Amino acid sequence: MTARLAIAFVLLLCVGGFGLTATINNFAIVDAVNAKLPTADQFDPFWWHLPKALRLHSAYRRLYPEGRLLKRQAVLAALMLLCLVLAVTVLGFGFLGIACFGGLGLLSLWFVYIRKPKP
């Protein structure tokens, strides 16, 4: 049991590390988009919610069609989800709960990062 807890703890530390890296990357996305927008249309780097994040992603895709920051953000979010699912698996949660959690996580990743919204 101690080894399983240690492995889960390391995986949760990885979730935190990837989360910190994703936050820094998100600030880079905000800075890049704000550099090309007029002052009135710029994004505040704090107080995030889903519609605001989707507007930021849309603006980033429009202003930087070949940009890699959004792809990096998606990879970091996927790594966070993977480490979290592995940690929950190591801790012995049931298969159905893990599958639902992982499936909902993948669906949200697709919705936020991969799906291209209609113009």
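The values are calculated or read from the model by the stated rules, or taken from the named source; none is laboratory data. None of these values were measured; they are calculated from a predicted model. All Cβ positions, glycine included, derive from the backbone under ideal geometry; neighbour counts span all protein chains shown.
Contact map, region 97-115: residues that are touching a residue at least 40 places away in the same chain (Cβ under 8 Å) and within 20 Å of Lys71 (Cα to Cα) paired with residues that are part of a helix (DSSP H, G or I) and charged (D, E, K, R), Cβ distance under 9 Å, separation 6+ or inter-chain. Pairs shown: Tyr113/Lys71.
A quick yes/no check of all residues on (1) surrounded by fewer than 16 Cβ atoms within 10 Å (Cβ to Cβ); (2) basic (Lys, Arg); (3) at pLDDT below 90:
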{"residue": "Gly17", "(1), (2), (3)": "yes, no, no"}
{"residue": "Tyr60", "(1), (2), (3)": "no, no, no"}
{"residue": "Arg68", "(1), (2), (3)": "yes, yes, no"}
{"residue": "Ala78", "(1), (2), (3)": "no, no, no"}
{"residue": "Phe93", "(1), (2), (3)": "yes, no, yes"}
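Is it the case that some residue within region 71-86 is more than 30 Å from Ala6 (Cα to Cα) and either touching a Pro at 6+ places or on another chain (Cβ under 9 Å) or of a type outside the set (A, V, I, L, M) (or both)? Show your work before the answer.
Let us first name the residues in region 71-86 that are more than 30 Å from Ala6 (Cα to Cα), namely 71.
Restricting the remaining residues to those that are either touching a Pro at 6+ places or on another chain (Cβ under 9 Å) or of a type outside the set (A, V, I, L, M) (or both) gives 71.
Yes, that holds for at least one residue.
Against the criterion of being at negative phi, crowded, with 16+ Cβ neighbours inside 10 Å, free of Cβ contacts under 8 Å to residues at least 24 places away in the same chain and assigned to a helix (DSSP H, G or I), Asn34 qualifies. When Phe93 is tested against the conditions (1) farther than 19 Å from Trp110 by Cα; (2) among the aromatic types (Phe, Trp, Tyr); (3) touching a residue at least 24 places away in the same chain (Cβ under 8 Å), the lone failure is (3).
Exactly one residue out of Leu70, Leu84 is within 14 Å of Val15 (Cβ to Cβ) and touching a residue at least 12 places away in the same chain (Cβ under 8 Å), and it is Leu84.
Would you be able to say whether some residue in region 97-112 is within 17 Å of Asn25 (Cβ to Cβ), among the aliphatic types (A, V, I, L, M) and assigned to a helix (DSSP H, G or I)? Yes, region 97-112 contains a residue that is within 17 Å of Asn25 (Cβ to Cβ), among the aliphatic types (A, V, I, L, M) and assigned to a helix (DSSP H, G or I). Scanning region 10-51 for residues that are acidic (Asp, Glu) and under 17 Å from Val75 (Cβ atoms) returns no hits.
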